[in-house]
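Below is one structure, written out as structure tokens; the observations come after it.
The values are calculated or read from the model by the stated rules, or taken from the named source; none is laboratory data. In this text the structure is predicted, and so the values were computed from the model without any measurement. Glycine also receives a Cβ, built like all others from the backbone with ideal geometry; neighbour counts cover every protein chain displayed.
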């Protein structure tokens, strides 16, 4: 039986990811929740001396000699990363036990000092949660490199008197040190410790500046009383409390009456229809009368100086429009630790605003069920400027309750958020960029109408069992624009013009690993925000007539669990699985075929992007190959000026590196032809990646453009000559930038082996002949003008998007949806 991930493929992925592998792959594996990422990390850790199964077998039997024998070949940091991935994912039965056993194996084989600080913390947190305090104490005494904050939190939990028979004073002293003075105490009486929190009276601050605190509630319990008492105990005296009940049933009226009766500065607003936390907050903002407005979750606790410390900077600096602060996440029994999670962190509910200024320019919270705190804060920053929103550099000013059924507990984990929250974040971040650019209005109405960005159904209260139907579902890594994605944008436009319903599924490329989550690329997100296409997640019920996997490699390490059904599945082989010299092994077609079947329920047909890719697929097992290659669509570029010749002065030549970021040697190979033009004005568009990656040194005389700073067509408009000279071992013929350059009227120069695809849209020569060829076209303006005109005509004729739509119509099953689309072609 063939290995789903051959060792050569794993090694090439490790090489392509490079030095960011340990941290970035760990974070990516936690986000994507694919078990196969463990296989990749284990290969990086052990090389040829073992694999994941061998490593876990040794851990389960406690065989430290097995690991010691590999001391010279194994990377202990990466072995620890395998344990970290398993611990944070916790996907499979036995994962928790395997992670603990693997940590213990590393500690016993190499010593505690060999374990990184983050893994020391995670191991100890897991031991406390699942093996008991005695094991956690032993680890804490042996692990000396742990972050002091995490070590302190573990010590506090080991002293906690509410989960075991222990004295209160030692715990209270250490717990109080985590918060500013006056620190809380836990009173006697009934109820969980969180609801018995109290503080000594803080020195009152009398001022005419009123703060309205909006407390939203739905089916409240005793936690509401705790929350309201914490606001009544504020040092800031001029406070009004507005409790907004989000249409709780009548049996909760008693709790609401009790909360309202706690003081004479409390008002109750009852909504007739349940609409969610943020609709309730908007109602509270309308009812508020204070100069400032703050918010309090109905089961959290605010430090008595929270309002004072957040309002004071705004009185001292009138330019500030909002402040935020940190919170400390704790359970009902005031436990701090959850494996892999920082207890002290930014608290989105801490937002305090200058009410009239913010409402007049930014308006209200987005009316979704979850996750609108962060959107609102980001929108305020986009509208006013980041410097006008200050985050307090202080100890936590709130205790954030983590109850067993907490939404944040189930939908936010280390490095992972519910896919709907991730999609929502990408959508609103793009909207905020447009606010900053002055092309979108920041103000949002209280009723949530005309939202200028997409909100997933999960956040709107949609029925999760409702099936969404589409004609075409396109699958790719939509974060960065390489040839496949840039071509797909035109394909989507053609499908929409033909009346088809289109959705996008985002699966991350196994080489595109980053420590921080990356949003979708702006052009793709714009289509989603404008309602042209929908974004769906693997866990949503989707029925697609055609699933079009636009980037084959995303199937290699795809996540498990999918409720999407494709009546027909087509995998576009946009790249060859491996280069002609056996390097750059990107994907195993048999594995991708099995993944497509697992995800979408149908055996796929493979359609090569070009003749070069087809040739490489013919020798691969597990591939049902279509008889024709995939048609490449390029929408008309709009107005393009006639080029009567090359510009005077030095030759303006360049290339776009959009396809050269995923294999380290590619950039040097692609730029080799440009380096043969010492007298030319060379301009390079860098890969579409985060600004810090990859680091590409260019000669000082060249111009390099970040992909975020210059779109492809303005870049190509500058060039007289576009050079397409990828690595000789590269199997692919198709290059989207080269085709776009021809459509823009550049003279495109490339090796003759690509003539079968580009025809008269390009001129052909070897690398050593580029300089003389450019000189010939610069000297003969008529020759240049004729080639420019011919290239535009060839591209317009051979790559008309209508040809793509015709092919899709052939691939679609005969359905009512497809039939409806036919008359609109």
*Residues of segment 759-774 satisfying the condition of being free of Cβ contacts under 8 Å to residues at least 24 places away in the same chain and not in a strand (DSSP E or B)*: 765, 766, 769, 772
*Got a number for residues in segment 620-635 being under 21 Å from residue 730 (Cα atoms) and either assigned by TED's automatic domain parsing to the domain that holds residue 549 or touching a helix residue (DSSP H, G or I) at 6+ places or on another chain (Cβ under 7 Å) (or both)?*
7
*Looking at 489, 504, 481, 495, which one is free of Cβ contacts under 8 Å to residues at least 40 places away in the same chain and either under 23 Å from residue 743 (Cα atoms) or in the same structural domain as residue 733 (by TED's automatic domain parsing) (or both)?*
489
*asked:* Tell me the residue from 172, 158 that is surrounded by 15 or more Cβ atoms within 10 Å (Cβ to Cβ), in contact with a helix residue (DSSP H, G or I) (Cβ under 6 Å, 6 or more places away or on another chain) and part of a helix (DSSP H, G or I), please.
replied: 158
_Selection within segment 579-604 - without any contact (Cβ under 8 Å) to a residue 40 or more places away in the chain and either under 16 Å from residue 551 (Cβ atoms) or crowded, with 19+ Cβ neighbours inside 10 Å (or both)_ = 589, 593
*Out of 712, 687, 678, which single residue is within 25 Å of residue 756 (Cβ to Cβ) and outside the structural domain of residue 521 (by TED's automatic domain parsing)?*
712
*Verdict on residue 273 being in contact (Cβ under 8 Å) with a residue 12 or more places away in the chain and either in contact with a strand residue (DSSP E or B) (Cβ under 6 Å, 6 or more places away or on another chain) or crowded, with 19+ Cβ neighbours inside 10 Å (or both)*: no
*What number of residues in segment 258-270 are without any contact (Cβ under 8 Å) to a residue 24 or more places away in the chain and touching a strand residue (DSSP E or B) at 6+ places or on another chain (Cβ under 8 Å)?*
1
*Could you tell me whether residue 459 is touching a residue at least 60 places away in the same chain (Cβ under 8 Å), touching a helix residue (DSSP H, G or I) at 6+ places or on another chain (Cβ under 8 Å) and crowded, with 17+ Cβ neighbours inside 10 Å?*
yes
*If we scan segment 441-449, do we find a residue that is in contact (Cβ under 8 Å) with a residue 12 or more places away in the chain, in the same structural domain as residue 280 (by TED's automatic domain parsing), buried (at least 17 other Cβ atoms within 10 Å of the Cβ) and over 25 Å from residue 508 (Cα atoms)?*
no
_Could you go through segment 756-777 and let me know if any residue there is out of contact with any strand residue (DSSP E or B) (no Cβ under 7 Å at 6 or more places or on another chain), at positive phi, modelled with pLDDT of 95 or more and not assigned by TED's automatic domain parsing to the domain that holds residue 521._
yes
*Please state which one of 638, 645 is on the phi > 0 side of the Ramachandran plot, surrounded by 15 or more Cβ atoms within 10 Å (Cβ to Cβ) and outside the structural domain of residue 721 (by TED's automatic domain parsing).*
645
_Residues (closer than 26 Å to residue 712 by Cβ and crowded, with 19+ Cβ neighbours inside 10 Å) located in segment 608-634_ = 608, 609, 610, 612, 613, 629, 630, 631, 632, 633, 634
*Within segment 156-175, tally of residues that are free of Cβ contacts under 8 Å to residues at least 60 places away in the same chain, under 21 Å from residue 403 (Cα atoms) and under 38 Å from the mean Cα position of the chain (by Cα)*: 2
*Take the residues of segment 181-196 that are surrounded by 17 or more Cβ atoms within 10 Å (Cβ to Cβ) and touching a residue at least 12 places away in the same chain (Cβ under 8 Å): which is farthest from residue 307 (Cα to Cα)?*
192
*Would you please list the contacts, defined by Cβ atoms under 8 Å and residues six or more apart or on different chains, that run from a residue in segment 10-23 that is under 14 Å from residue 661 (Cα atoms) to a residue that is modelled with pLDDT under 95 and surrounded by fewer than 18 Cβ atoms within 10 Å (Cβ to Cβ)?*
12/583; 15/664; 16/664; 18/664
_Within segment 663-733, strands (runs of 3 or more DSSP E) holding 1 or more residues that are at pLDDT 95 or above, closer than 19 Å to residue 767 by Cβ and touching a helix residue (DSSP H, G or I) at 6+ places or on another chain (Cβ under 8 Å)_ = 681-685, 721-723
*Of all residues in segment 742-752 being in contact (Cβ under 8 Å) with a residue 40 or more places away in the chain and outside any strand (DSSP E or B), which is farthest from residue 652 (Cα to Cα)?*
743
*From 362, 341, 358, which residue is in the same structural domain as residue 233 (by TED's automatic domain parsing) and under 24 Å from residue 118 (Cα atoms)?*
341
*So which residues in segment 112-132 are closer than 21 Å to residue 30 by Cα, free of Cβ contacts under 8 Å to residues at least 60 places away in the same chain and assigned to a helix (DSSP H, G or I), if there are any at all?*
117, 118, 119, 120, 121, 123, 124, 127, 130
*Select, from 544, 522, 488, 498, the only residue that is farther than 18 Å from residue 430 by Cα, at pLDDT 95 or above and in contact with a helix residue (DSSP H, G or I) (Cβ under 7 Å, 6 or more places away or on another chain).*
498
_Test of understanding: among 109, 81, which residue is under 23 Å from residue 31 (Cα atoms), touching a helix residue (DSSP H, G or I) at 6+ places or on another chain (Cβ under 6 Å) and touching a residue at least 40 places away in the same chain (Cβ under 8 Å)?_
81
*Among the residues of segment 571-588, is there at least one that is closer than 23 Å to residue 507 by Cβ, assigned to a helix (DSSP H, G or I), assigned by TED's automatic domain parsing to the domain that holds residue 543 and touching a strand residue (DSSP E or B) at 6+ places or on another chain (Cβ under 9 Å)?*
no
*Please give the helices (runs of 4 or more DSSP H) falling wholly within segment 1-94 in which 3 or more residues are on the phi < 0 side of the Ramachandran plot and touching a strand residue (DSSP E or B) at 6+ places or on another chain (Cβ under 9 Å).*
26-32
